[in-house]
Amino acid sequence: MNELKIIAEINEEIKKIIDLAEDISLTATNAILIARQAGSNAVGFSVVARELRMFSDKIATAMQELSQLIYQQVSITATKRNRLRSVLKLNQASARHELAQTRLASACVRSQSEVDEMERVISNILKSLQIAMKRTVKQCASGMVIARSAGIESAHGGEMTIALRQVAQSVENVVNNIAIRIKKLGIQLTEVTA
Amino acid sequence: MKKATIIYQSGEHQWIALARDPEKPNYLIDTNEYLITDGTTALLTDPGGSEIFSMVFTAICDAYDPAKIGALFASHQDPDIISSLSLWLDFNPDLKCYLSRLWSTFVPHFGGTDETFIEIPDEGLNIPVGSLNLQAVPAHYLHSSGNFHLYDETARLFFSGDIGAAMLPPDMNDLFVKNFARHIDYATYFHQRWMGSKEAKRVWCERVAKLKIDMLCPQHGAIYQGADVERFINWFDELPVGTGLL
Ligand SMILES: [Fe+2]
Ligand SMILES: [Fe+2]
């Protein structure tokens, strides 16, 4: 499949994940307020909610890093395509005529080596992308653990238990959603690498 | 395959026309390129679009060593004129490109840097090609707002860019206009629709009528020679064009 098209899709996915991370941050802030009303019993819940907020920040930062790497990837891929087209046109001309072949020989070599160099850079960016991805997957796994703890802590919420349980449930859903999307992102990234 | 034809020769001084490309896909407009040389170096007019680079380059190779080309001349900024620039510069990074000052920041989107372009001021410019002296003749607003033709006083040949262009059917593939009356039918719509200004047209016709021209060589279609040159200028002078038709 077309590299630039996949990259555009990945970028959309990243934007969605950043939105979801913001949702978590808002929900967690809201949960901290509810837990405060629930009094000292819900101290555990507050702690977990703070961790959730940290988790959402980390995800947002990670996504911004990915986004930057992808931007570099797009710009160099576009340049590479352009150069590749030149290589093709120069080779076409060379193939048609002996003198053209002689005269264009160094242009063909030069433009091909530019393309090769860009491909090296692209493969380095892809490596960084994969490393960043692995880190994000781990962050997401710990996010799931925190979301589940929120569910457990909500039981100590006294009269606010139902409200806290609802919050915990919705956080768990969102974190789950993020996890699924990040998995999808990982697959898309391997498609670009392939 | 495009064909190279010597249309003027006096000693080493030559005009080589690169025209008619039956292999070209129909969605691309057919273009003529002209190579003007004094034997030591050459200038190529409106080198064409990137899609036809290989055809132009190999057609030149049949008749002339491309390594001797020192300059390109772009009558204006259109893609069918100069989008092959980056490929020409891949071939020879030292090539210069003469171009209206209006387009010197637009055409680099097709390739080239500060070093590449020699800006032609609105009033025109003398362009040396080895021992030859060519003149960039203003043709603004016909059709581009920064537009130049090229006059070779010694050869009495005039490169007229899009003026004189005709979208000829496949059976009319002569290099020169054979039957003016029949030919001009295929030029009418293009001139009416592409040429924007009656006033600019008047100025151009007056200016060009004063020059001694044996051949008027357009970027599309057949070349006008002899009496057809004056016939064409008169026809164009009378033709309602552009804003005059709204
Ligand atoms: Fe044009
Ligand atoms: Fe044209």
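The values are calculated or read from the model by the stated rules, or taken from the named source; none is laboratory data. This is a predicted model, so every value here is computed, not measured. We place every Cβ from the backbone using ideal geometry, glycine too, and count neighbours over all the protein chains shown.
Quick rundown of the values:
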read-out: Every residue from the range B:167-190 that is within 16 Å of ligand 1 (Cβ to nearest atom) and either outside any helix (DSSP H, G or I) or of a type in the set (Asp, Glu) (or both); value: B:167
read-out: Residue check for residue B:244: of a type in the set (Gly, Ala, Ser), surrounded by fewer than 22 Cβ atoms within 10 Å (Cβ to Cβ) and within 16 Å of ligand 2 (Cβ to nearest atom); value: no
read-out: Which numbered condition residue A:133 misses (of (1) within 24 Å of the chain's Cα centre (by Cα); (2) facing another protein chain (nearest Cβ under 9 Å); (3) not basic (Lys, Arg)); value: (2)
read-out: Identity of the residue in the range B:147-178, within 14 Å of ligand 2 (Cβ to nearest atom) and not aliphatic (A, V, I, L, M), that ends up nearest to residue B:36 (Cα to Cα); value: B:159
read-out: Among residues of the range B:94-118, those that are within 14 Å of chain A (Cβ to nearest Cβ) and within 16 Å of ligand 2 (Cβ to nearest atom), counted; value: 1
read-out: Test: residue in the range B:96-106 that is within 16 Å of ligand 1 (Cβ to nearest atom), in contact (Cβ under 8 Å) with a residue 24 or more places away in the chain, within 18 Å of the chain's Cα centre (by Cα) and in a loop (DSSP other than H, G, I, E, B); value: no
read-out: Residue match in the range A:84-100 (condition: more than 9 Å from chain B (Cβ to nearest Cβ), among the polar types (S, T, N, Q), under 18 Å from residue B:50 (Cα atoms) and in a helix (DSSP H, G or I)); value: no
read-out: Hits in the range B:191-235 - residues which are within 16 Å of ligand 2 (Cβ to nearest atom), surrounded by fewer than 22 Cβ atoms within 10 Å (Cβ to Cβ) and part of a helix (DSSP H, G or I); value: B:192, B:193, B:194
read-out: The range B:6-44, residues that are within 14 Å of ligand 2 (Cβ to nearest atom) and part of a strand (DSSP E or B); value: B:19, B:33, B:34
read-out: Evaluation of residue B:196 against (1) out of contact with any Phe, Trp or Tyr (no Cβ under 6 Å at 6 or more places or on another chain); (2) within 16 Å of ligand 1 (Cβ to nearest atom) (one fails), failing number; value: (1)
read-out: Boolean, residue B:203 is in contact with a Pro (Cβ under 9 Å, 6 or more places away or on another chain) and under 24 Å from residue B:78 (Cα atoms); value: yes
read-out: Close pairs (6 angstrom Cβ cut-off, 6 or more residues apart or separate chains): more than 8 Å from chain A (Cβ to nearest Cβ) in the range B:81-93, within 15 Å of ligand 2 (Cβ to nearest atom) and of a type in the set (Phe, Trp, Tyr) anywhere; value: B:82/B:110; B:83/B:110; B:85/B:110
read-out: Of all residues making up the range B:107-159, the number that are outside any strand (DSSP E or B) and over 21 Å from residue B:198 (Cα atoms); value: 17
read-out: The range B:16-32 - residue that is within 14 Å of another protein chain (Cβ to nearest Cβ) and acidic (Asp, Glu) and, of those, surrounded by the most Cβ atoms within 10 Å (Cβ to Cβ); value: B:21
read-out: Test: residue in the range B:116-129 that is among the polar types (S, T, N, Q), out of contact with any Lys or Arg (no Cβ under 6 Å at 6 or more places or on another chain), at pLDDT 95 or above and more than 16 Å from ligand 1 (Cβ to nearest atom); value: yes
read-out: Qualifying residue in the range A:58-76 (condition: outside any helix (DSSP H, G or I), under 30 Å from residue B:109 (Cβ atoms) and of a type in the set (S, T, N, Q)); value: no
read-out: Test: residue in the range B:45-68 that is assigned to a loop (DSSP other than H, G, I, E, B), surrounded by 23 or more Cβ atoms within 10 Å (Cβ to Cβ) and of a type in the set (Gly, Ala, Ser); value: yes
read-out: Those residues of the range A:111-130 which are surrounded by 15 or more Cβ atoms within 10 Å (Cβ to Cβ) and within 14 Å of another protein chain (Cβ to nearest Cβ), in sequence order; value: A:111, A:112, A:114, A:115
